[in-house]
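Reviewing the structure listed below.
The values are calculated or read from the model by the stated rules, or taken from the named source; none is laboratory data. Here the structure is a predicted model, which means the values were calculated and not measured. Positions of Cβ are generated from backbone atoms using ideal geometry, with glycine treated the same way; all protein chains shown enter the neighbour counts. Ligands, DNA and RNA are stripped out before the accessible areas are found, and what is left, the full protein with its side chains, is counted by its heavy atoms. Shrake-Rupley method; radii C 1.70, N 1.55, O 1.52, S 1.80 Å.
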Amino acid sequence: MEGLSGVIAELTGDLICLCERGVIVDVNPVGRRMLAGRDSGVGIVGQSLRSFIKADYRDIIDSNLDVLVEERGLPLMLVRADGELFEATLSARRMTREGGGDVVVVHGRDLKDKVRAVNTLVANHKRFLKVVEQAYDLTCLLKDGRITFMNPAGLKLLEAEGAQSVIGHPLTDFMHEDYAPLFEGGLDDLVEEAGMVPLKIVGLQGRRADVEARVTRFRADGADAHMVEARDITARKKAAEGVRDREQRLAGILGYVGDGIFTAGADGRIQSFNMAAESIFGYRAAEVVGRSPDRVIPDFTGRYLSPDLPAAPARRNKEAGATLGREVETSGRHADGRTFPLTLTLTRLPQGKEMIHICIVRDISERKRAEERERRYTQQLENRVRERTDDLRRMSRRSELILEAAGDGIIGLDLSGKVTFINPAAERILGVAADRPAIGLDGAQVFRRVHTDGAQSPVAPLMPFPVAPTRGENGVGGPPLEVTLARLDGSSFPAEFASTPLEENGQVVGTVAILRDITDRRVAQARLSVAYTVFDNVGEGIAVCDDRWRVTMVNPAFSTITGIPGEEAVGQGLRDLLVKDRSVFNDMIETLAWNNRWERDVWCDRPRQSCSEKEETEEFAVRLVVTEIQAADGTGIHALILSDVTQRKRDEERIRFQANYDTLTSLPNRSLFMDRLRSSVALALRSGCPMGLLIVDLDGFKGINDSLGHDAGDALLVEAAGRLRECARDSDTVARLGGDEFTLLLNGIKDQGDAIHVAERVIASLAQPFELTNGERGRISASVGIALVPTHGMDVDVVLNRADKAMYRAKQAGKNAWRIHASGAAEERVLRVLSREEH
């Protein structure tokens, strides 16, 4: 193609080719691609144009292409070189070359779009024909979403008696509500689905059916319409669910069966591996599936795989066939590398065209161990029989040695009462002489009992044996008896005696008698009786506690002192019962940890004996001595001895009170006051907080004491002491120095203003009338002297002296006043300040 025509042929989008006698001699690029298709390497030039026309259409075209010249735009079905069909219109024009000869110019246009439309119509037509021919599936036509046609199969599926029951209804009226969202966008959304769409249809009678549906859109009367095809798959779905359930149940059974099961396919690789197999071999299924069984059973492939495997040699075929269906013992390999014995049962199961191997394995390690144990046990049993025979010989000799070495006397008698054997201990106890053996003697000569019904009662035999002994008589077969026996020399001794029948093969053939000299026990019992008598009658309270300090026994004196009956005390803890002070109890425990004795005076509570008293308990003091003793079994027990020291403690407290307190007012006396003054001065100097000392003298007391008597004076002093306590704080000290002179120690005050404030309270309180004896009333006043530490001194005597001088200045100032230690000018300033504060 040359010149302008060549350019046009290059640029056009249609096929242009030149043919001579029906053979292509030239073709444009578009035509080459159109005829070659995907096979771009094929040669187009030189081939007959008729070879690219489908065989059904070739008879229409003659070899000279005259039909194409005559027809204008003949539609034909062409075949590309790669075999793909496409439809095109071909037309031709005959031309004469300059050098002579005719050539045909062929023009072809691809009718792809037109063919698609025609194919759609044809497909729609075929589907419609299928609806007519196959009435088992639902087929309906819809326009604007409403049913315009429904075939009989659809009417049956929808439980409709006739077409009028469904025509005009939207298709969604027959859809299950769970599938309604699929139709929200219209049927066009379902048209775009590539395959069948699963749906659920609800019939007019309520029957539900699972279907697979396909929606197709087409044009009818110039408008879009839809055709719906649906196939009932309810039965198929139930069948599939049944198969799936059976497979799941089978998989569950295989998964939890006790035996290990794995399968191998025709390729000799593991396909499945149940949980029991995982437990036996130590591998997870994912680690062995797809691998050779040789990983878990060495040389499995060479010994056991089916002869049907392509790679199986003849030798292996014979061996494998011999093991099918039969349990054999072999070895398995665990994931940790160890080998262990197992049994293997191999069966074959056809699965389609292939054959799978089912292998059932059972770990027999425990069985092998049991067999080994049984073998060893049998061997050991044989050894033991031999050893037992030797032991019996030794035991016989040992029994003789035991009888000879036993501390208790052991004597054997036959049914006639004759002594058959006697050990050395029995000879010693009974006084059998060496030159007069007891073997063969009558039992009445050996055992003689001394009765207590008379001093010189005849000696009676202990055990007559004219017949077989009866159980329980004369100590035979019963509990031991304590009797007095006579020795062969005539002397007597307390003894514990017991006997038991001697049996052989269920028959009594004699008696074995055992006796023990209990002289030492009787002595110990006598001592114990004396100890119990002392325990019950001693004046001190005694209690015994175990290693956990629980009371195990008490004597009567303990109950008398504590007021707690013995039956109530036993079982209680000592801390709850007696020593209730935790610090005292802890001190006792700590002391006994390094010393086995602890002693201390302790105050306790006991029930009050008199019912007239309001208080249910009363205090009492005891001197408590605790000793730790080692018991026979190695445990520690504690012995407590209590002495009532209540009166002594009260006398000591009374003496101590009289030494430190004024007997009339119960205030600290001068001695205790001086101790507390020294402590308060030291505290004030150490802490830096001032301390105030007030000395109070009662003005007018001597006149009342002289005129109204000492009883009235004492009553005034007691009342004055009470008022002074009310003026002071709990941390302060109020004391009576003697006569009508009192003092107050004020600890931790801020300044002298606090001390002056207390002094004014004292003066005001004591200025109030006093109720004296016999209805008399009296009035007094008070003069108060004040000194501060460290302001007025840092020594006890200095501070006391300056407070006393300040008190005398108050008396000189007219009494009923206070004065603080200071120079004259300083005191005047203090008085002026206080005067202004009062105004």
> Counting Lys and Arg as +1 and Asp and Glu as -1, each charge on the Cβ, what is the dipole of the chain about the Cα centre in debye, to the nearest 20?
Replying inline: 1860 debye
> So how far, in whole Å, is the C-alpha centre of segment 541-583 from the one of segment 258-283?
Replying inline: 75 Å
> Counting only residues 5 or more places away or on other chains, whose amide H sits under 5 Å from the amide H of residue 772 once H atoms are built in the peptide plane?
Replying inline: 777, 778
> Which stretch or stretches of segment 487-510 have amide N atoms under 17 Å from the point lying 7 Å from residue 526's Cα along the Cα→Cβ direction?
Replying inline: 492-496
> How large is the charge dipole for segment 726-790, taken about the Cα centre, if only the Cβ atoms of Lys, Arg (+1) and Asp, Glu (-1) carry charge, to the nearest 20 debye?
Replying inline: 60 debye
>> In segment 598-692, if the dipole is taken from +1 on Lys/Arg beta carbons and -1 on Asp/Glu beta carbons about the Cα centre, which of 663, 687, 603 is farthest to the positive end?
In response: 687
>> If I compute solvent accessible area with a 1.4 Å probe over the protein chains, what percent of it on segment 152-264 is carbon and sulfur?
In response: 51 percent
> What is the packing order of peptides 60-72, 690-702, 785-797, 20-32, taking the mean over residues of other C-beta atoms within 10 Å and listing the highest first?
Replying inline: 690-702, 785-797, 20-32, 60-72
>> Taking the Cα centre as origin and putting +1 on Lys and Arg beta-carbons and -1 on Asp and Glu beta-carbons, what dipole magnitude results for segment 646-765, to the nearest 20 debye?
In response: 640 debye
> Cα centroid distance between segment 154-173 and segment 10-39, in Å?
Replying inline: 56 Å
> If you find the alpha carbon centre of segment 42-91 and of segment 612-658, how far apart are they in angstrom?
Replying inline: 137 Å
> With point charges of +1 on the Cβ of Lys and Arg and -1 on the Cβ of Asp and Glu, referenced to the Cα centre of the chain, which listed residue (203, 645, 302) lies farthest in the positive direction of the dipole?
Replying inline: 302
> Can you list the aspartates and glutamates whose alpha carbon is less than 15 Å from that of residue 815, not counting same-chain residues fewer than 8 positions off?
Replying inline: 697, 699, 740, 741, 760, 804
> Hey, which aspartates and glutamates would be in cross-link range of residue 143, C-alpha to C-alpha under 13 Å, not counting anything within fewer than 8 residues on its own chain?
Replying inline: 188, 221, 224
> Along the charge dipole of the chain, Cβ charges K/R +1 and D/E -1, which of 770, 360, 431 sits furthest on the positive end?
Replying inline: 360
> How would you order 193-202, 805-814 from highest to lowest mean count of nearby Cβ atoms within 10 Å?
Replying inline: 805-814, 193-202
> What label, among (i) 30.2; (ii) 47.1; (iii) 27.2, belongs to Kirkwood radius over Cα pairs in Å computed from the structure on display?
Replying inline: (ii)
>> Can you compute the helix-only [θ] at 222 nm over the chain? Use -39500 (n - 2.57) per DSSP H run of at least 4 residues, normalise by all residues, nearest 500 deg cm²/dmol.
In response: -11500 deg cm²/dmol
>> Helix 234-256 against the longest principal axis of the chain: what's the angle in degrees, Cα atoms only, rounded to the nearest 10?
In response: 50 degrees
>> I'd like the trypsin sites (Lys or Arg not before Pro) in segment 516-600 restricted to DSSP loop residues with at most 13 other Cβ atoms within 10 Å, sorted by number.
In response: 548
> Measuring with a 1.4 Å probe in the full set of protein chains, what accessible area per residue, in whole Å², belongs to segment 62-101?
Replying inline: 58 Å²
